[in-house]
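A.B. asks: I have a structure I would like to understand better, so I am pasting it below and will then ask my questions one at a time.
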Amino acid sequence: MSTTISRGVKLRLASPIPASPDIEELKKQYKELGIIPYFGNEPREGTLFLQLIREICGLSPTFNSTMNAKNKFTFGSRTKIGSNTRPGLYQENQAETPLATQEAYSDRVEELGLPLNQILSTAENLNRHYCESGNAWLIIKRATVAGVTKYKLHAEHYLNCAYLTPKPGEEMRNFALVSPYITDIQKMRDTQKWKILEAVRPGDALIWSKKDNGVEYALVHIMDESGTEPNSVYGRSRQLSCLMAMYAEYYQETLNAKVSSTDIVTKLLIAMEGPSPENYDMEDFENKELYEVGSTGIGAKRKGLFERNMDRIRMITTNVGSFEETSSIFGMEYPAGAKPPTPIKLDLNRDVAYNTWSTDRCSRVIASVNGYFSDLLNLTKTPSGIGGNMLKDLFLIMRAGTIAPDQAFWETVLNGVLSQIPELEQDLGLKLLDNIEQLVQSLTNQAPAANVTVGI
């Protein structure tokens with residue numbers, strides 16, 4: 001949808017409700033392809049609902065701020081190389097890997113087409129997909145040309161992946177259709193942009209599928225199993241528990257945009273009684289069609305007294321008038337015997353206290369569901385300076401409760417893939433840095449100014 005503002009500029013606001021294709025046609029396509037919907041047994045409960053989640057997450061300032069902050073602290077821009085740990089097992093006081101060994105590993109993965117910074121960037125995309133939909137799909141591409149093997153990691157969007165109903169005798173295998181046109185079978189056929197890959201879970205042995213020109217693909221499905229239905233093949237989106245909060249947050253911002261684009265300045269309505277009919281020329285009064293008459297003949301319709309007065313009021317009390325027309329006093333003449341104008345105060349929907357409370361509550365709910373504090377996003381005010389312990393405590397809680405577990409999880413996922421690349425040292429892998437420790441230390445060492453409220 002779009003709203004026209006002054007001088008022809010248009011502000012375009014995306015609707016949080018995606019356009020729906022023909023449901024019956026979509027059901028037919030799913031049946032023909034054998035696709036298992038994400039939710040329920042109907043396409044409208046599956047792919048279309050995923051589109052809604054993607055749209056509303058993309059429109060939520062809190063969700064986007066939360067994901068940017070979490071990715072920054074979880075992955076950062078640099079990583080270390082260390083000894084691989086056993087998945088799920090805590091190993092304390094690991095020896096530091098020599099810098100020369102780390103540099104050799106870094107050079108080797110870059111030779112193979114897997115620079116460390118690109119691995120971290122792919123992990124950020126996977127983390128966002130995982131948080132949005134409860135599912136992330138990692139594609140590993142391998143190609144050998146002239147005896148040189150290259151790899152590439154790609155975070156495939158969850159809307160482009162769907163499991164297929166297993167054939168008899170293949171119930172233990174998980175085949176997935178990968179295509180940007182899952183909901184448009186005709187376009188999929190015309191473009192030939194589709195692959196069927198056998199998916200594995202993190203830590204399982206990769207299953208390579210050879211395609212054209214000797215290029216091979218492997219697919220890893222990372223799913224959030226908390227709260228999933230029994231025997232579900234897909235993870236459950238954690239955003240389901242704060243969907244209404246994101247919806248309310250979006251419409252609070254929409255309300256602010258509408259208020260900002262309105263030309264209402266005054267909150268006063270003036271009701272004026274028109275002259276008696278006997279004061280009109282009866283012919284004009286009956287026809288109600290008054291036209292400007294000039295030397296070239298009859299021109300445009302001439303506004304009546306009321307319309308002219310309202311135009312004048314609008315010019316001096318709103319943003320539509322020019323600077324020259326701006327005035328603090330406006331006088332109006334009305335016929336003898338008529339009642340004077342009656343002022344009527346308007347009660348506009350601008351409850352600042354409610355809007356503030358609603359926006360604050362939505363931000364806190366969305367951030368909380370995603371394991372973060374809205375106080376750390378600069379979206380809600382934190383009543384503490386750097387000298388106080390509140391900000392530091394929030395960062396420490398967030399590190400222990402969110403960032404550290406996320407880092408352990410994604411280290412397991414990424415190293416589970418890297419360890420299966422035969423050209424790499426299998427005992428080595430990524431070690432994500434504690435990016436919060438340096439920040440907390442920096443906050444502790446700073447001396448705050450008096451009476452300063454800080455949000456980060």
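A.B. asks: Could you check segment 231-256 and list, in sequence order, the residues that are of a type in the set (S, T, N, Q), surrounded by fewer than 17 Cβ atoms within 10 Å (Cβ to Cβ) and within 14 Å of Arg54 (Cα to Cα)?
C.D. replies: Passing the criteria: none in range.
A.B. asks: Now for a separate question. Check off (1) modelled with pLDDT under 85; (2) touching a strand residue (DSSP E or B) at 6+ places or on another chain (Cβ under 8 Å); (3) more than 22 Å from Leu418 (Cβ to Cβ) for Gly227 and give me the number that stays unchecked.
C.D. replies: So Gly227 meets the others, but not (2).
A.B. asks: From the list Val178, Val200, which one is under 30 Å from the mean Cα position of the chain (by Cα), of a type in the set (A, V, I, L, M, F, W, C) and closer than 22 Å to Gln51 by Cα?
C.D. replies: Val178
A.B. asks: Is it the case that Arg54 is open to solvent by 30 Å² or more (accessible area, probe 1.4 Å), in contact (Cβ under 8 Å) with a residue 12 or more places away in the chain and not in a helix (DSSP H, G or I)?
C.D. replies: In short, no.
A.B. asks: Turning to a different aspect of this structure: I'd like to know if segment 206-215 contains one or more residues that are small (Gly, Ala, Ser), under 19 Å from Thr149 (Cβ atoms) and surrounded by 12 or more Cβ atoms within 10 Å (Cβ to Cβ).
C.D. replies: Checked segment 206-215: at least one residue is small (Gly, Ala, Ser), under 19 Å from Thr149 (Cβ atoms) and surrounded by 12 or more Cβ atoms within 10 Å (Cβ to Cβ).
The values are calculated or read from the model by the stated rules, or taken from the named source; none is laboratory data. Everything quoted here is computed from the prediction, not taken from an experiment. With ideal geometry, Cβ positions are generated from the backbone for all residues, glycine too; neighbour counts draw on all protein chains shown. These area figures cover heavy atoms from the full protein model, side chains too; ligands, DNA and RNA do not enter into them. Shrake-Rupley method; radii C 1.70, N 1.55, O 1.52, S 1.80 Å.
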